[in-house]
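Input: a single structure, listed below in structure tokens.
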Amino acid sequence: MRPNGYEISWQTYLNTFAILGVILSFAVSSIIPSAQGDNINPGVFSIDSKPYGTTYADWTVRWWQWIFSIPEMNHPSLDLTGEKCAIGQQGPVWFLTQTFGGRAERTCTVPAGKAILIPIITGECDYLNSPDVTTESGLIGCAMEGNEGAVMEFTIDGMRLKNLENYRVHSQVFNLTITPNNPFRSTPGTSQAVVDGFYVFLEPLSPGIHDIHFTGTIVDVTGPYSYATDVIYHLTIK
């Protein structure tokens, strides 16, 4: 997760290399021709679909509006156990999150019938926190630049999803309200913004227990964007 201006710690940088060795073996299998997600990964919404009448990209906007509405003390991205999983959830789609770098294992109860949106690698850019960016194209480039070269893995109940690179989307310009005391250390206020990233959008899961495990790594040797996340969710759907 990378809002503009969020600096990656040295510990996160070191975590990058610890996790990278585990997941590099999956990189080659990810580099194959593009295909519609719902044809290759049953149970995942196609990138060009409109779940509940809203585009995939617009759901990612709603995810960022949700994540920036929560102050640091209750933030689900800092939660290592899943106790904050239900904070701010509303509507037909349940939002899950990565970490700011490093590992987390979370246990969470999700109401039956809810779709689930999960970003693996994602970035945000807004005028308020990027004073040097003055155009829409500048916002897009700013949001995208830290997501290049992502190496990703996603399994659900032990089944590995394919072609994760197909699930990259970036939004149109939208209005983003940033809450005070947010964990991104972003300046609070309202600004136009753009988001970009790789998101898995699951159709509602069957009632019962489901395990989700995903990893995302970016190694930026010459720049500030090195990042690694490794998250396990133990979901109870009921």
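Quick notes on this one:
- Only a single item in (1) of a type in the set (Gly, Ala, Ser); (2) open to solvent by 20 Å² or more (accessible area, probe 1.4 Å); (3) in a strand (DSSP E or B) is not met by residue 228, and it is number (2).
Table: residues versus (1) hydroxyl-bearing (Ser, Thr, Tyr); (2) at pLDDT below 95; (3) open to solvent by less than 10 Å² (accessible area, probe 1.4 Å).
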| site | (1), (2), (3) |
| --- | --- |
| 159 | no, no, no |
| 168 | no, no, no |
| 171 | yes, no, yes |
| 175 | no, no, no |
| 189 | no, no, no |
| 216 | no, no, yes |
| 220 | no, yes, no |
| 224 | no, yes, no |
| 234 | no, no, no |
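- The listed residues are 16, 81, 107, and the only one of them that is at pLDDT 95 or above and either open to solvent by less than 60 Å² (accessible area, probe 1.4 Å) or in a loop (DSSP other than H, G, I, E, B) (or both) turns out to be 81.
- Scan of segment 121-157 for residues that are surrounded by fewer than 19 Cβ atoms within 10 Å (Cβ to Cβ), at negative phi and of a type in the set (Gly, Ala, Ser), ordered by number: 137, 138, 141
- Residue count, segment 50-78 (criterion: touching a residue at least 24 places away in the same chain (Cβ under 8 Å), surrounded by fewer than 16 Cβ atoms within 10 Å (Cβ to Cβ) and in a loop (DSSP other than H, G, I, E, B)): 2
The values are calculated or read from the model by the stated rules, or taken from the named source; none is laboratory data. Since we're looking at a predicted model, the values are computed, not measured. Using ideal geometry, Cβ is built from the backbone for each residue, glycine included, and neighbour counts are taken over all protein chains shown. The accessibility values were calculated without ligands, DNA or RNA, using every heavy atom of the protein model including side chains. Shrake-Rupley method; radii C 1.70, N 1.55, O 1.52, S 1.80 Å.
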